[in-house]
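Worksheet: one structure, shown below.
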Amino acid sequence: MTKSEYQELVEFLGPKFDRIARRFDAVDRRFDVVEERLTRVEERLTRVEVLGEDDRGRTRILAEAVSSLTQKIDSLDQKVDSLDRKVDSLRDEIVHEFWVVRTEMAKGFERLDSRVTRLEGFEA
């Protein structure tokens, strides 16, 4: 290749290489923008992951608290049931004692009435 052919080739290819270089520069700028956006997306994703972990931790704590409260409620239910049975038993005892006392009082009144009737018979 002669010097003049080489010069023609450089003059021909030079603008094309310049245009290609400008396009590469534009592509580089676009990659920079994409890289910045990806960095922001990664940062947001990291924040979401941290918040998700925090929420999972809070959910676990809440679930443990609900479980504990459920156990306490079950225990209270058992105690209330036990108290209900005791109250029912005491009520039954009181009713029984009431009828025993009433019966004894009725017998006592009958004996007293009989005695008063006899005493009234002596007066007449």
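Values in this text are rule-based calculations from the coordinates and carry no lab data. All values derive from a computational prediction rather than experimental measurement. A quick note on method: Cβ atoms are made from the backbone with ideal geometry, for glycine too, and the neighbour counts reach across all protein chains shown.
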Principal axes first, then extents: for the Cα atoms of the chain, list largest minus smallest coordinate on each axis, whole Å, largest first.
172, 21, 15
Tell me which lysines have Cα within less than 23 Å of LYS16's Cα, excluding those fewer than 8 residues away on the same chain?
LYS3
Two-site label geometry, ASP55 and GLU97: point separation in nm, points 7 Å out along Cα→Cβ
6.2
Dipole of the chain (Lys/Arg Cβ +1, Asp/Glu Cβ -1, origin at the Cα centre): which of PHE24, LEU90, LEU38 lies farthest to the positive side?
PHE24
What is the distance in Å between the Cα centres of the stretch 26-59 and the stretch 64-124?
75
So if I place +1 on the C-beta of Lys and Arg and -1 on the C-beta of Asp and Glu, and nothing else carries charge, what would the dipole magnitude of the chain be about its Cα centre? I want it in debye, nearest 20.
240
